[in-house]
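The values are calculated or read from the model by the stated rules, or taken from the named source; none is laboratory data. Note that the coordinates shown come from a computational prediction; the quantities given were computed from them, not determined experimentally. Don't worry about glycine lacking a Cβ; one is built from the backbone with ideal geometry, like all the others, and counts go over all protein chains shown. For accessibility, only protein heavy atoms count, side chains too; no ligands or nucleic acids. Shrake-Rupley method; radii C 1.70, N 1.55, O 1.52, S 1.80 Å.
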Amino acid sequence: MRRDLGGPRAVLDTAGGLLRRAEPATAGLWPRVSALLALQALETSLDRLWERRTLDLRGCSMRTQLICLRSYLEDPKLAARAGHAWSALSRASHHHAYELAPTAAELQAWFSVVEELIDSVEPS
């Protein structure tokens, strides 16, 4: 069950704020938390798209929803980049002892894709 934390744009802004305020004391934590928040923003944005289109896809896996996004978004390249960003953010938000946390540059690149998706999906 997902909770609305103020809409996808606000959640992504919070993730960006964590990225800008990274401190040595929180090393290893802020990248994963900010990735999780960006992932939440992406997923909430898709939920809102399906709601506006009156499509009941919330019961489908996120991979299925991302495949469908290619048909319902006017920009198939953005849909493909959103799929990649979702995979990368999902992987980054899970701790693996054998992997380093994502870098700020990687996170910023994924955040920009999420922001572009939100701009494309959310009404002005």
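Ordering 55-68, 72-85 by mean Cβ neighbour count within 10 Å, with the highest value first, yields 72-85, 55-68. Taking Cα centre as origin and charging only the Cβ of basic (Lys, Arg, +1) and acidic (Asp, Glu, -1) residues, the dipole magnitude of the chain rounds to 220 debye. Segment LYS77..MET62, full-extension length gain: 3.6 nm, with 0.36 nm per residue of separation and the alpha-carbon distance subtracted.
Put ASP47, ASP119 in order of accessible area, highest first, and with a 1.4 Å probe you get ASP119, ASP47.
Overall, the accessible surface of the chain at a probe of 1.4 angstrom is composed of carbon and sulfur to the extent of 55 percent.
Percent relative contact order of region 37-124, based on C-alpha pairs within less than 8 angstrom and at least six residues apart? Reported relative contact order: 40 percent. If the chain linking LEU55 and ARG9 were pulled fully straight, counting 0.36 nm for each residue of separation and taking away their Cα-Cα distance, it would gain 14.4 nm.
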